[in-house]
1. For region 125-137, enumerate the residues that are in contact with a Phe, Trp or Tyr (Cβ under 9 Å, 6 or more places away or on another chain) and surrounded by fewer than 15 Cβ atoms within 10 Å (Cβ to Cβ).
2. Any residue that is in contact (Cβ under 8 Å) with a residue 12 or more places away in the chain, open to solvent by 60 Å² or more (accessible area, probe 1.4 Å), assigned to a strand (DSSP E or B) and not polar (S, T, N, Q) - is there at least one of those in region 179-189?
3. Looking only at region 114-124, decide whether some residue is farther than 30 Å from ALA35 by Cβ, in contact with a strand residue (DSSP E or B) (Cβ under 8 Å, 6 or more places away or on another chain) and in contact (Cβ under 8 Å) with a residue 12 or more places away in the chain.
4. In region 72-100, how many are in contact with a Ser or Thr (Cβ under 7 Å, 6 or more places away or on another chain) and in a helix (DSSP H, G or I)?
5. Out of region 161-178, which residues are open to solvent by less than 10 Å² (accessible area, probe 1.4 Å), among the small types (Gly, Ala, Ser) and over 12 Å from the mean Cα position of the chain (by Cα)?
Amino acid sequence: MSEAGSEQYYQSGYLLMERLIPPEVATALLARMRADLARQNVGLERLRQQGPLLVSPAVEIYGYHYPMFASFHWGLTAAVERHVGRPLLPTYCYFRRYGKGDICKVHGDRPACEHSLSLTLGYSDGLPWPLEVARRPIETPYERADTAFDPAEDAASASMGVGAAVLYRGVHHHHGRTMPNPNRWSAHLFLHWVEKDGEYADQAFDGHALPQAVDF
């Protein structure tokens with residue numbers, strides 16, 4: 001991959017990665033998470049959160065609460081760099097399980113999401129649920145939570161199977177899932193990075209001080 005990164009990524013604001021990880025690995029991540037929660041007597045219903053982009057509460061787990069997801073996130077950094085074409089540092093990640101009929105309203109992300117990845121871990125009924133990304137960039141980010149795109153935004157629909165992902169420029173390309181989820185549930189991992197020497201570099205590791213070398 002050249003230093004300019006993927007031409008499509010920078011022209012369209014997104015890149016579909018049809019097999020970021022094997023489906024078996026995605027399934028294993030879900031199974032391990034469920035087993036770990038069960039050992040701690042944590043039911044998924046306790047983890048449901050209502051947010052401004054959701055029509056109903058969804059299960060959410062952040063990487064700083066579940067180290068396996070954070071480690072997975074950090075480990076993907078070099079692979080994502082090859083597509084972005086610029087040095088990156090991770091910010092934060094989170095898992096979300098949506099229910100049947102759910103949508104994710106059209107929105108832009110905060111600075112910590114300069115380069116973002118939506119990875120599909122599982123569908124209860126095997127029905128792909130696309131992520132939609134506006135091809136038209138937003139120079140000055142603004143808050144929104146709309147149920148549909150404006151036609152002028154020229155939104156693309158990227159359909160993902162299990163193990164597939166969409167890499168997108170979350171701050172400057174608005175995105176969402178406006179088609180109701182056709183599955184009883186679907187499971188996704190959202191991972192975010194900033195450019196190491198970019199304008200949002202202070203968001204690395206979600207604004208915490210950079211880790212120092214450890215002497216063993």
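The values are calculated or read from the model by the stated rules, or taken from the named source; none is laboratory data. Keep in mind the model is a prediction, meaning the values are calculated, not measured. When we count neighbours, we look across all protein chains shown, and the Cβ atoms used for this are built from the backbone with ideal geometry, even at glycine. To get the accessible areas, we keep the full protein, side chains included, count just its heavy atoms, and leave off ligands, DNA and RNA. Shrake-Rupley method; radii C 1.70, N 1.55, O 1.52, S 1.80 Å.
1. Scanning region 125-137 gives ASP125, ARG135.
2. Yes: region 179-189 contains one or more residues that are in contact (Cβ under 8 Å) with a residue 12 or more places away in the chain, open to solvent by 60 Å² or more (accessible area, probe 1.4 Å), assigned to a strand (DSSP E or B) and not polar (S, T, N, Q).
3. Checked region 114-124: at least one residue is farther than 30 Å from ALA35 by Cβ, in contact with a strand residue (DSSP E or B) (Cβ under 8 Å, 6 or more places away or on another chain) and in contact (Cβ under 8 Å) with a residue 12 or more places away in the chain.
4. Selection size over region 72-100: 1.
5. Selection gives GLY163 alone.
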